[in-house]
Amino acid sequence: MSQTTFTDVRRFDSIDSTNRYLLDEARSGAPEGVVAVADHQTAGRGRLGRRWEAPPGANLLLSVLLRPALDLDQRHLATTAVALAAVDAISGMVVDDGSGSVAANSSGSGLGSAVTIKWPNDLVTPDGRKVAGVLAEADLASAVPSLPAPVVVGIGINVNWPATDEDLPPELTGAAASLRQVLGAEVDSEALLDALLAALGPRAAALSSVSGRARLAQDLRSSCTTLGTTVRVDLPGESFVGTASSVTDDGHLVVDVDGTFRTVVAGDVVHVRPGA
Ligand code: BT5
């Protein structure tokens with residue numbers, strides 16, 4: 001199967017949003033594989049009109065343009081592919097005890113359990129703090145007839161910010177953390193970016209085949225700490241609590257609500273701790 005290489009990397013000192021930039025590029029017919037990386041975003045976006053916060057120069061802020069052969073209801077797997085590529089890259093990082101710095105190295109001893117996926121779009125520490133968020137956006141109106149429809153997937157990874165919890169604004173205190181905090185040393189962002197883009201080649205290619213999608217869903221199940229936990233699912237106009245019981249082959253979350261299985265395609269999921 002042919003694989004896209006993510007080597008057309010466009011860098012910005014400052015931009016409103018790397019997702020916005022690539023959605024515009026997609027409208028003009030840009031191919032799969034274009035990457036936008038920013039030192040700073042003035043209007044970094046999360047889902048549902050939320051903001052993504054990061055001070056200049058400390059973290060990875062990037063988006064990739066994908067044109068996978070996916071049905072509409074399989075779109076969540078684009079988020080999954082990028083989240084798994086980030087987990088792959090982070091898992092390959094090795095701590096250099098001598099210098100106190102951390103390098104990304106796919107042959108190194110893994111730090112695989114340092115970061116896991118919280119469905120639908122977060123990478124979290126073992127104590128549930130958010131280290132990264134993924135935002136997939138599609139603009140069906142912009143489809144260029146000769147090309148598969150675009151999906152732009154952005155990821156913000158807290159690499160070296162916050163250095164300590166005191167760096168965080170009050171609304172993120174206790175809810176956000178950085179790789180630097182998890183690993184106990186400064187992290188080489190460029191090496192992490194290289195590792196992520198290398199991991200993305202096979203992850204993105206997997207989106208366009210039945211067996212590839214099944215593998216993505218299986219790897220999501222293995223990396224997803226949401227499974228088996230009690231969750232509250234917040235949908236527009238409705239909330240319910242249940243046990244996250246499985247992930248479908250399309251990447252959707254199945255929640256057992258008193259014996260009735262509900263499939264959640266998109267929505268906010270809160271991990272409910274016992275007694276919370
Ligand atoms: C996300 O949304 O987590 C998706 C974030 C995607 C950001 C990337 S950066 C590159 C690309 N270009 C863009 O414009 N966006 C993408 P959501 O699940 O809605 O979470 C947003 C919420 O996360 C906010 O409302 C805050 O509560 C929290 N948050 C904001 N900044 C954070 C940070 N640096 N670390 C942890 N949590 C943060």
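The values are calculated or read from the model by the stated rules, or taken from the named source; none is laboratory data. In this text, all values refer to a predicted model and were calculated from it rather than measured experimentally. Reconstructed Cβ throughout: ideal geometry from the backbone, glycine too, with neighbour counts over all protein chains shown. All accessible areas refer to the heavy atoms of the entire protein, side chains included, with ligands and DNA or RNA removed. Shrake-Rupley method; radii C 1.70, N 1.55, O 1.52, S 1.80 Å.
Residues whose amide H comes within less than 5 Å of that of PHE12, counting only those at least five positions distant or on another chain, are VAL37, ALA38, ASP39 (H built at 1.01 Å from N in the peptide plane). Rolled with a 1.4 Å probe across the full set of protein chains, the surface gives LEU77 an accessible area near 0 Å². Since only SER17, LEU192, PRO170 are under comparison, the one whose Cα sits farthest along the positive direction of the charge dipole of the range 8-223, derived from C-beta charges on Lys, Arg, Asp and Glu, is SER17. Starting from the Cα of SER2, step 7 Å toward the Cβ, then list every residue of the range 148-189 with an amide N under 16 Å from that point. Answer for the range 148-189: 148-149.
Note on ARG11 and PHE240: the extension gain reaches 78.2 nm, defined as 0.36 nm multiplied by sequence separation minus the Cα-Cα distance.
In the chain, which whole DSSP H runs stretch at least 18 Å along their own axis (Cα) and average -1.0 or higher on the Kyte-Doolittle scale?
Details: long enough: 76-91 (22 Å, 1.40); 189-206 (26 Å, 0.96); 210-223 (20 Å, -0.56).
The answer, listed by residue number, is 76-91, 189-206, 210-223.
Give, as a single signed number, the net charge of other residues whose beta carbon lies under 14 Å from the beta carbon of PRO162, with Lys and Arg counted +1 and Asp and Glu -1. Display every interim value, and only then the final one.
Values: positive: ARG129, LYS130, ARG180; negative: GLU53, ASP165, GLU166, ASP167, GLU171, GLU186.
That sum, taken over residues with Cβ under 14 Å, equals -3.
If the chain between THR173 and HIS40 were fully stretched, how many nm would it gain, using 0.36 nm times the residue separation less the Cα-Cα distance? It would help to have the intermediate numbers written out before the result.
Details: separation 133, 0.36 × 133 = 47.88 nm, distance 2.10 nm.
So the chain would gain 45.8 nm between THR173 and HIS40.
Pick from SER91, SER209, SER63: which residue has the top mean-square fluctuation in a GNM of the chain where Cα pairs under 10 Å get a spring? Of SER91, SER209, SER63, the Gaussian network model singles out SER209 as fluctuating most.
The average projected area of the range 175-276, computed from the convex hull of its Cα atoms over all directions, is 9.0 nm². Under 5 Å between amide hydrogens, built in the peptide plane, is the criterion, and for ASP268 it picks out ASP234 among residues at least 5 positions away or on other chains. Amide hydrogen proximity for ALA136: with H placed 1.01 Å from N in the peptide plane, the residues at 5 or more positions away or on another chain lying under 5 Å are GLY154.
Around VAL210, under 13 Å between beta carbons, what's the net of Lys plus Arg minus Asp minus Glu among the other residues?
Numbers: positive: ARG213, ARG215; negative: ASP71, ASP249, ASP250.
Net of charged neighbours comes to -1.
Between VAL144 and GLU190, the modelled labels are 3.1 nm apart [label points 7 Å from Cα along Cα→Cβ].
Bridges between two residues of the range 1-80, per DSSP, are antiparallel at a rate of about 40%. Taking every DSSP bridge with both residues inside the chain, close to 80 percent are antiparallel.
Compute log10 of I(q)/I(0) for the chain with the Debye formula, placing one identical point scatterer on every Cα and leaving out solvent, at q = 0.12 Å⁻¹, to two decimals. Ignoring solvent entirely, the Cα scatterers give -0.72.
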